[in-house]
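Before any comments, here is the structure.
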Amino acid sequence: MSTLSKTNLLNHSEAKVKLFGDYIQKYLNIISNDKYTTDIHLYDLFCGPGIYDNGGEGSPIIALKKIKDTHYKQIKSKGNKLKINCYFNDIDEEKIRSLSENIKNNKLYYNNFGSLNLTSKDYLNIIQELPKELSKYKNEKAFIFIDPYGYKEVKAAHILNLLECKKKSEVLLWLPIQHMYRFSKNGTPSVLDNFNTQLGINKDSISNEWDYIGFLKEGFQKYIGNNFFVDSFSLKKEENTVFCLFFFSSHIRGYEKMLETKWQIDKEQGKGWEYSGNKPTLFSEIKTNPLEEDILKFLKDTPRKNGEIYEFTLRKGFLTTHATQVLKKLQSLNKISTIEKDGSKARKGSFYINYENYKNNFGRITVKRIS
């Protein structure tokens, strides 16, 4: 990593923290209104100094701004007692000192928000102890951001251990895809070889960075199991300079909110950002399989309940609005039929593909493929 990248917030990192910030705002809004959660614990394990030499704001500053805004608009104003506790860590003590000063100078933290903990510990020590801490939580939730200086420290087992703690955690992982891809193809270091093997990735089958991202997502999903959710968001700074955020959730609602955030940034494909100079533009070379084709395959041999289609759509990386549009089209072409629980014909254009029905009325209707 160059000295510049350590002291300045680069374009791809700016896009990364935008996604991070947009999602954190959605996350805080939801949790602060659930009337259940008493504490949110936000962990940033490679936090950096917060503000870089070029004025760019890193993840801890973005997080604290969102927390401050949420506290006054969603918590204090409604008499809510929710606490948002922050744990910012970086093994570089100088960065932590800078972060402390930046927080103080910008008046981003007050005791009534929750606790603030700044530490300089080794990631590998934290990742061993953190699951034990999470397992003690009751009416509490945790969000963990892992933005390593490289990739050597991170293992898939770390993610699973965090997710399994009472299923109250979400994880955002940032990986330097172009480095990992290049090393996977040319003289793979043993640590990366082990990482790929753990996720069932055959380096000989990888033809480009986008393939590698796809294989990583599939590998993570298989490793953590179908009780959890994983998706990715790619960031391309320039040719052969690709990064990727992987999002892991133990709850389908949080997963859906991250997908919404992605589609707000990339309105055409929900896949990522490409930089042309300093201007973000939509990807042109990454193509997604049409959701219509995916849904037709999903319905091919088995009628599906509305709740099944909801989960299927999200796992494919699409939103419920997309699924509804596809189903309306298929219905107009007489390619599907919809049936109520009692066997009667369902109202045309009503598919009930949303979280509330997934949670409370999973089988409100059944969708059957006709042709």
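Quick look at the values:
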| quantity | calculated |
| --- | --- |
| FRET efficiency, LYS104 to VAL191 (Cβ-Cβ, R0 41 Å, nearest 0.05) | 0.60 |
| Per-residue ³J(HN,Hα) for the range 210-221, Karplus 6.51 cos²θ - 1.76 cosθ + 1.60, θ = phi - 60°, Hz, x for Gly and Pro | 5, 4, 4, 4, x, 5, 5, 4, 4, x, 4, 4 |
| Positive minus negative residues near LYS66 (Lys, Arg vs Asp, Glu; Cβ under 13 Å) | +1 |
| Average accessible surface area per residue within the chain, 1.4 Å rolling probe, Å² | 47 |
| Tilt relative to the chain, helix 123-134 - C-alpha long axis, 0 to 90 degrees, to 10 | 60 |
| Potential lengthening between GLU93 and ILE370 on full extension [0.36 nm per residue; Cα-Cα distance subtracted] | 93.3 nm |
| The range 300-371 - convex hull of the alpha-carbon atoms, volume per residue in Å³ | 83 |
| P(r) histogram, all alpha-carbon pairs of the range 50-139 included - 10 Å bins from 0, percent | 14, 41, 34, 10, 0 |
| Pairwise FRET efficiency - HIS251 versus TYR72, Cβ, R0 = 25 Å, nearest 0.05 | 0.45 |
| Label-to-label distance, nm, for residues given as TYR36 and ASN139 (7 Å Cα→Cβ offset) | 1.1 |
| Whole-percent pair-distance distribution, where bins are 10 Å wide, for the alpha carbons of the chain | 5, 22, 31, 25, 13, 4, 0 |
| Area of ILE213 that stays accessible when all protein chains are in place (1.4 Å probe, Å², to 10) | 10 |
| DSSP bridge orientation in the chain - percent antiparallel, rounded to nearest 5 | 55 |
| Residues of type aspartates and glutamates that LYS348 reaches as a straight line, Cα spacing below 14 Å, ignoring anything fewer than 8 places off in the same chain | GLU340 |
| Per-residue [θ]222 nm for the chain (sum of -39500 (n - 2.57) over DSSP H runs n ≥ 4, rounded to 500) | -13000 deg cm²/dmol |
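The values are calculated or read from the model by the stated rules, or taken from the named source; none is laboratory data. Small disclaimer: the values here were computed from a predicted structure and weren't measured. When we count neighbours, we look across all protein chains shown, and the Cβ atoms used for this are built from the backbone with ideal geometry, even at glycine. The protein model used for the area step is the full one, side chains on, heavy atoms only, and it has no ligands, DNA or RNA in it. Shrake-Rupley method; radii C 1.70, N 1.55, O 1.52, S 1.80 Å.
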